[in-house]
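These notes are about the structure you will find just below.
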Amino acid sequence: MTITVRILGIDPGLRTTGFGVIDCAGQSYRYVASGCIRSGEGGLPERLGRLLEGIGEICRHYQPKLAAIEEVFVNVNPQSTLLLGQARGAAISALVLAGLPVAEYTALQIKKAMVGNGHADKDQVSHMVQRLLQLDGAPQSDAADALACALCHANHLGGAAVLGGGRSRRGRWLALPGS
């Protein structure tokens, strides 16, 4: 008997944060939902609050059991990197408040899991997401990245989630003592 596990993927951003929800049953993946949370206008605290609330609402509505988020890359502009880091922190906080174990993956890991090449472009990743989830069309860029993050986590989990009792650390599933 194969157990289905619902995974939420997050592509963090201060203006636009992508989310993707999939169901994983063994090596079979099913699309559930995807979209974007837009932080809108206002100061940084208000925008981070909207991000926190938006992810919390997604968690309440779709009831994922696991979450995966893309790690921040160091940008040419240090200010942009700091803002992205704050958005990512708000996203992780929302996931933790929802009681989800959170795995983290670099863009390189996600691209390699999707395309087999860590330096693939966004179009290649989007195409593979579309094929793996049997979607009629390509999802919006941020949503496609979030779905790719969820698929990457499902790929790295293998049977670990089905075996029960474990946690994820830096993209690796670790069995807890006694499990």
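Tabulated data
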| item | result |
| --- | --- |
| Estimated vicinal HN-Hα couplings, Hz - region 46-62 in sequence order (Karplus 6.51, -1.76, 1.60; Gly, Pro = x) | 5, 5, 5, x, 5, 5, 4, 5, x, 5, x, 5, 4, 5, 5, 6, 9 |
| Cβ-placed point charges (K, R +1; D, E -1), dipole of the chain about Cα centre in debye, nearest 20 | 440 debye |
| Helical contribution to [θ] at 222 nm, DSSP H n ≥ 4, -39,500 (n - 2.57), averaged over the chain, rounded to 500 | -14500 deg cm²/dmol |
| Cβ crowding within 10 Å averaged over residues, with 17-23, 65-71 ranked highest first | 17-23, 65-71 |
| Cut-off under 5 Å, modelled amide H: who pairs with E71 long-range | Y105, T106, A107 |
| Fully extended contour minus Cα-Cα distance, from A25 to E46, at 0.36 nm per residue | 3.8 nm |
| Gain on full stretching of the segment that runs from S93 to V76 - 0.36 nm per residue minus C-alpha separation | 3.5 nm |
| Qualifying aspartates and glutamates (Cα of each under 20 Å from Cα of K65; at least 8 residues distant if same chain) | D11, D23, E53, E57, E104, D145 |
| Label-to-label distance, nm, for residues given as S141 and H61 (7 Å Cα→Cβ offset) | 2.3 nm |
| Percentage relative contact order, the chain, counting C-alpha pairs under 8 Å, at least six apart | 27 percent |
| Cβ crowding within 10 Å averaged over residues, with 31-42, 115-126 ranked highest first | 31-42, 115-126 |
| Between region 25-69 and region 79-118, the Cα center-to-center distance that results, in Å | 12 Å |
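We did not get these values from a lab; they are worked out from the coordinates using the rules stated. Predicted model, so just to flag it, every value in this text is computed and none were measured. Cβ atoms come from the backbone with ideal geometry, glycine included; neighbour counts cover every protein chain shown.
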